[in-house]
1. Amide H to amide H, which residues 5 or more places from B:Thr53 or on other chains are under 5 Å from it, using H placed in the peptide plane?
2. Could you compute the FRET efficiency for A:Tyr231 and B:Leu103, with r as their C-beta to C-beta distance and R0 at 45 Å, rounded to 0.05?
3. Averaged over B:46-58, how many beta carbons belonging to a partner chain fall within 10 Å of each residue's beta carbon?
4. So what J values fall out for the range A:112-129 if you push phi through Karplus, 6.51 cos²θ - 1.76 cosθ + 1.60 with θ = phi - 60°, rounded to Hz, Gly and Pro as x?
5. Just tell me how shielded B:62-75 is by partners: mean number of partner chain Cβ atoms within 10 Å of each residue's Cβ, no decimals.
6. If you rank A:Ser242, A:Ser23 by how much accessible surface each has, with a 1.4 Å probe, what is the order from largest down?
7. Can you run phi through the Karplus equation (6.51, -1.76, 1.60; θ = phi - 60°) for the range A:34-42 and list ³J(HN,Hα) in whole Hz, with x for Gly and Pro?
8. Tell me the label-point distance for the pair A:Ser62, A:Lys42, using the 7 Å Cα-to-Cβ offset, in nm and rounded to one decimal.
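The values are calculated or read from the model by the stated rules, or taken from the named source; none is laboratory data. Note that the coordinates shown come from a computational prediction; the quantities given were computed from them, not determined experimentally. Here the Cβ is made from the backbone with ideal geometry for all residues, glycine too, and neighbour counts use every protein chain on show. The protein model used for the area step is the full one, side chains on, heavy atoms only, and it has no ligands, DNA or RNA in it. Shrake-Rupley method; radii C 1.70, N 1.55, O 1.52, S 1.80 Å.
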Amino acid sequence: MTKLFDRAFASSAEDVKSDIEISEKIGLLQHFVRPHHLDIPKLLHNEAAWLLAVKELQKINSFKSPREKLSCIMSCCQVINNLLLNVSMSNDRTLSGADDFLPILIYITIKANPPQLHSNLKFIQLFRRETRLISEVEYYLTNLISAKMFIMNVNGHSLSMEESVFQTHMESARLGNHTSVASTSSSQGLGTSTTGLNEESGDTEGLKFPFMDSETESLTPAEVKQLHELYRQVVTRYMLLSKALRKLSVDEDQLLNSVDD
Amino acid sequence: MGSKPPPPPQPSVSFKLVLLGDGRVGKTSLVLRYVNDVFSDKQEATVQASYLTKRLVVEGVPIMLSIWDTAGQEKFHALGPIYYRDADAALLVYDITDNDTFLRVTKWVKELKQMANKDIVMAIAANKSDLVRSKHIDTNEAASYAESIGATLFVTSAKAGTGIDDIFSDIAKRLLEKRKNSSDGLSLAHPKKGILIVDDEPEKEPPPKCCS
């Protein structure tokens, strides 16, 4: 199989396209999807274990045979199962089943953004000898297939948020991606701080620019309070932004001109 | 790769069973209770609860059940077919104290009828019966519903351990019956998806003989 690998793996243009599509989508989701969006109980939040699972899944392209690729998936699932087992033993709680396993696997898949997810899954399904694809291994492969399906069809409802909030998140993630391409050196720090802000505002606010269409007279005291809160946020962001601009030695007028162009 | 390997000595007939039920109806506890039963002949420490196996003997035939748990939350509902597509049996679990979870069960049944195996064996568990000990449990409606879809209803409690062995042996019995009646016979596992490479029609000319 390893000799045929180059011809059998991700050989069609369609597969390549699907791989890029999924990877780009996960890239956007990474910006704002948090464990609670997938109903992962607080008790099971364990960054160290998750990171380990992520690393296992990312190894999938280091191997060429379906068997070895499968064993990466299995190791990743094993890490999750160990986490579930530890939590159940130390908290004297019933061992979690798929209700907790699948959400964690989906979250791990988003965090890992495994290379060529679509082609890898297709390759395994096509070329793993069917008699070997039974039982436990098949179960965990099926879970990863369903994680991929979930990600492909993801929407507001499946992440426990309003569709409009979801769309806003996706849009700002897209914008975030573009700026990070433009300035790779400083994007790391800026990127994380903006996602933090997004999370805060996104959960309380549905729209990108609330109150833009409201009449001043019709505002309730509660809304005024909200507006004040937002005003503070805007000012903070503006300060951060102008600081960042100064660092990049870009003049504000220069920026305005470039926008007009 | 595709050529049929010599059939391995099958110690038992194996079946795939999927567990369907709304989040937190106790489907995981139910199965753990069943698999870890103190009276089981082979006690293994359970290290995971999503995929479990159980060996049992029905009418002298050793059977292995692979039990596939599924995530029951509404947001994962659309993923169901990936799991139950080629299942031999489905165990549908609802919380006896929560009618919404029963409605979820009816939704799955409709889907199973459309998308699952034609011969799929279904059973419904009315779980958490220990919570309604004081009140009279009215399962008449659920029982007649179960009958109408060719399933059996069992009142279970994962906590008290009641009704669990019954439901699984009922499933196993019906699975075995179906397998006996089907043309496959007992020895063959049902065909799995994948590539099956079949040799071309034999060439017209006889294979070249050597050393003759």
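1. Close amide H contacts, sequence-distant or interchain: B:Ile67.
2. Working: r = 46 Å, r/R0 = 1.03.
The computed FRET efficiency comes out at 0.45.
3. Details: counts 2, 6, 14, 12, 17, 13, 3, 2, 0, 0, 0, 0, 0.
Mean shielding by partner chains, rounded to a whole number: 5.
4. Coupling constants for the range A:112-129: 6, 6, x, x, 6, 4, 4, 5, 4, 5, 5, 4, 5, 5, 6, 10, 6, 4 Hz.
5. Values: counts 0, 0, 1, 0, 5, 2, 7, 8, 8, 14, 4, 8, 3, 11.
Counting other chains' Cβ atoms within 10 Å and averaging over B:62-75 gives 5.
6. Working: A:Ser242 20, A:Ser23 50 Å².
Sorted by accessible area, descending: A:Ser23, A:Ser242.
7. Working through the residues one at a time gives 10, x, 5, 5, 10, 6, 7, x, 3 Hz.
8. Going by the 7 Å Cα→Cβ label model, 3.6 nm.
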